[in-house]
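None of the figures in this text is laboratory data; all of them are computed from the coordinates on show. Just so we're clear, the structure is a prediction, and the values are computed from it rather than from any experiment. Virtual Cβ from ideal backbone geometry, glycine too; neighbours counted across all protein chains shown.
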Amino acid sequence: MLPAYISHPDCLKHTMGEQHPESPERIGAINDMLLIKGLLDFMQPFDAPLASEKQLAQAHSLLHIHTMAALSPVDGSVQVDPDTSMNPHTYRAALRAAGAAVLAVDLVLGKGAGSAFCNVRPPGHHAEHNAAGGFCFFNNVAVGIRHALNVHGLERVALVDFDVHHGNGSEDILHGDERVLMCSIFEDKIYPFCGNQPRGPNMLNVALPARSGGDVMRAAVSAQWLPALERFRPQLIVVSAGFDGHRDDDMGNLGLVEADYAWLTKQIVAVAQRHCQGRIVSCLEGGYELSSLARSAAAHVKVLLGLDD
């Protein structure tokens, strides 16, 4: 079973202005790097479907879903928060991004693919049950996780979020759900300025000081994440794959490099191999400096493919 590579041209049509860091070029930069390195030769390509209202409603209120649809402009743009806006193509792109996570879960659990990487945007981990924000409209990973739990009947799903920003939206949706263990590592005292106090016993939030570097990140993951994941014994691991903690990306200041993302992915793969037949669904979140984003995503995917040795 070749791993799945899920994307869609609609994800390129959502724009929030020429100077906005969350740009369509992010998708192309990753795709080009995976192509150049020959990694796409080892993956099955799939077009992301549109998530249905029923699928979205597993993570979001109907009010939020209908509000996003109603805000979608015929032309021009509509501001959702100071950093987040919609153009006429945003709503459809957001449906594709959430639909990619659903398809990835279906493929991985249905044995159509051993793992999946979703190269989609807009990202999702800041989208809360009833609110958009932080460049996000629907919470892609939360939609996928609830699909795995409620439709496929899994009992334990782990969410691993290594974006430089805490996934407040994922925590808002999933806290208190005993079927989910969320492990989040992020830079302290930056947007969204929360996460230090977990909202539920199933939330393992690790805030790192600025300029921590890879050694501190690795030590924290080894000491806190890995024992918790071993105890939880997930049947599926879903990844919020944000690469904005890279030292070249000015959206954060953790000072990570490609080797750190490769190491982190190796730990995730090892847990997946021990407990869930290697089943991993990875969805793109942050990463805004195009070169470091592409290199880091390729390092992540290479490990997912088992080609890192």
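Observations
- Pairwise centroid distance, computed over Cα atoms, of segment 257-297 with segment 79-103, Å: 23
- Distance distribution P(r), segment 83-192, all Cα-Cα pairs, bin width 5 angstrom from 0: 2, 12, 21, 25, 21, 12, 5, 1, 0 percent.
- Between Leu181 and Val157, Ala158, Leu159, the built amide H atoms are under 5 Å apart, and every one of these is 5 or more places off in sequence or on another chain.
- Estimated vicinal HN-Hα couplings, Hz - segment 193-200 in sequence order (Karplus 6.51, -1.76, 1.60; Gly, Pro = x): 6, 7, x, 5, 10, x, 8, x
- Taken one residue at a time, the phi angles of segment 45-56 give Karplus couplings (6.51, -1.76, 1.60, θ = phi - 60°) of x, 9, 7, 5, x, 7, 5, 7, 4, 4, 5, 5 Hz. Gly and Pro are set to x.
- For segment 296-304, putting each phi into the Karplus relation 6.51 cos²θ - 1.76 cosθ + 1.60 with θ = phi - 60° gives couplings of 5, 4, 5, 4, 5, 5, 4, 5, 4 Hz, in residue order, rounded to whole numbers and with x for Gly and Pro.
- Debye intensity ratio I(q)/I(0), log10, segment 249-309, q values 0.18 Å⁻¹ (C-alpha model): -0.65
- For the peptides 105-115, 129-139, residues were scored by their other Cβ atoms within 10 Å and the scores averaged per peptide; the highest-first order is 129-139, 105-115.
- Separation in nanometres of the label points that stand 7 Å from Cα toward Cβ, at Thr15 and Leu307: 3.2
- Dimensions in Å of segment 171-309 - Rg and Dmax from alpha carbons: 14.4, 39
- Here's the list of aspartates and glutamates a cross-link from Lys37 could span, going by alpha-carbon distance under 17 Å and ignoring same-chain residues fewer than 8 apart: Glu258, Asp308, Asp309.
- Packing, as the average of other Cβ atoms within 10 Å across residues, places the peptides 284-293, 255-264 in the order 284-293, 255-264, highest first.
- Label-to-label distance for Gln224 and His152 is 2.8 nm, based on points extended 7 Å past Cα in the beta-carbon direction.
- Across q = 0.13, 0.14, 0.17, 0.21 Å⁻¹, segment 34-141 modelled as identical point scatterers on its alpha-carbon atoms has Debye log10 I(q)/I(0) values of -0.51, -0.58, -0.80, -1.07, in the order of the q list.
- 21 Å Cα-Cα reach of Lys189 towards lysines, excluding residues that sit fewer than 8 places from it in its own chain: none
- All-pairs alpha carbon distance profile, the chain, 10 Å steps from 0, percent: 7, 31, 40, 20, 2, 0
- If R0 is taken as 51 Å, the Cβ-Cβ distance between Arg231 and Arg92 corresponds to a FRET efficiency of 0.80.
- Straight-distance crosslink candidates among aspartates and glutamates, where the alpha carbon sits under 16 Å from Lys111 and sequence neighbours closer than 8 are dropped: none
- Trypsin sites (Lys or Arg not before Pro) lying in DSSP loop within segment 168-265, provided at most 11 other Cβ fall within 10 Å: Lys189, Arg211
- On the beta carbon distance between Gln44 and Asp83, with R0 = 35 Å, the FRET formula returns roughly 0.50.
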